[in-house]
Amino acid sequence: DEAFDRYEHRVNGPSAMTMHYLRQRYLPQILAIVDPEAKQFADTRSIAFESQLSCTYAHKQYMLEGRIDRILSRVDDHGNEFIAVVDYKKSLSDTKRDYLEHNGSIPSHQLPVYAKLIRDVTEKPVSCAAFFNIAAGRYFIVWDDVPEVRDALIAIVEEHIDHMVAAIKSGTYGVTRSGKPCIHCDYRQICRRRYALI
């Protein structure tokens, strides 16, 4: 409320009607994060927001970049650090089964790509990866302290990256239609605005 009030009373602030709409539209969504957050990440602290990471894989001749919404950390009584990564989505239709029974294809490469980047840049494995579904007001946990699931998903991403790099090198990287440059691309899941292979 204080933040909304400050924004509303700026000299160049929006009209009262616009502010009323913003409060009604977004305040419930903001507050809806609090309870799931306390339940899922009560013992963690945020260590990065909108974190830009990149890693060069010279032996495979590519660079991977990512902009991660949020990275969290938890240290146990023995001094061991556990890393979590969160991406915020307006809505989400994925299911846990989509990631566990993947057969080499998963709905989104995003969290495994982030886990790969964090592992390769910081040498710390990602213990927990989750999407926050804003429309539903809840977390969708892809993996939590299950290294086998994490490693299998990262392996899928790495295999897809290798195929993409090979296609670029051989000149068989397909040209997409100019009107819709990404929709029909075989590599859309890897080369995105939030993470890209270069």
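The values are calculated or read from the model by the stated rules, or taken from the named source; none is laboratory data. In this text, all values refer to a predicted model and were calculated from it rather than measured experimentally. Cβ: placed from backbone, ideal geometry, glycine included. Neighbour counts: every protein chain shown. Accessible surface is based on the protein model in full, side chains and every heavy atom, while ligands, DNA and RNA are left aside. Shrake-Rupley method; radii C 1.70, N 1.55, O 1.52, S 1.80 Å.
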* To do: List every residue pair whose Cβ atoms sit under 8 Å apart, with the two residues 6 or more apart in sequence or on different chains, where the first one lies in segment 14-42 and is part of a helix (DSSP H, G or I) and the second, anywhere, is charged (D, E, K, R).
  => ALA16/GLU8; MET19/GLU8; PRO36/ARG138
* Taking the residues in segment 24-67 that are in contact with a Phe, Trp or Tyr (Cβ under 6 Å, 6 or more places away or on another chain) and over 16 Å from LYS116 (Cβ atoms) as candidates, determine which candidate is surrounded by the most Cβ atoms within 10 Å (Cβ to Cβ). => GLN40
* Structure fact -> Filtering segment 68-88 for residues that are surrounded by fewer than 18 Cβ atoms within 10 Å (Cβ to Cβ) and under 11 Å from the mean Cα position of the chain (by Cα) leaves a count of 1
* Look at ILE83 and say whether it is modelled with pLDDT of 85 or more and closer than 30 Å to ALA167 by Cα. => no
* Go through the residues of segment 160-179 one by one and say whether even a single one is open to solvent by 10 Å² or more (accessible area, probe 1.4 Å) and under 21 Å from ILE33 (Cβ atoms). => no
* **Residue among VAL121, VAL75 that alone is in contact with an Asp or Glu (Cβ under 6 Å, 6 or more places away or on another chain) and β-branched (Val, Ile, Thr)** => VAL75
* Only listed residue being within 25 Å of SER108 (Cα to Cα), touching a strand residue (DSSP E or B) at 6+ places or on another chain (Cβ under 6 Å) and of a type outside the set (Asp, Glu), chosen from ILE33, ILE47 -> ILE47
* Pull up segment 81-111, narrow it to residues that are among the basic types (Lys, Arg) and outside any helix (DSSP H, G or I), then point me to the one that is nearest to SER46 (Cα to Cα). => LYS89
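Residues are listed down the side, and each one gets a yes or a no for (1) more than 22 Å from VAL85 (Cα to Cα); (2) under 19 Å from the mean Cα position of the chain (by Cα); (3) modelled with pLDDT under 90; (4) assigned to a strand (DSSP E or B):
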| site | (1), (2), (3), (4) |
| --- | --- |
| PHE140 | no, yes, no, yes |
| ARG150 | no, yes, no, no |
| ILE154 | no, yes, no, no |
| VAL157 | no, yes, no, no |
| HIS163 | yes, no, yes, no |
| ILE168 | yes, no, yes, no |
| TYR173 | yes, no, yes, no |
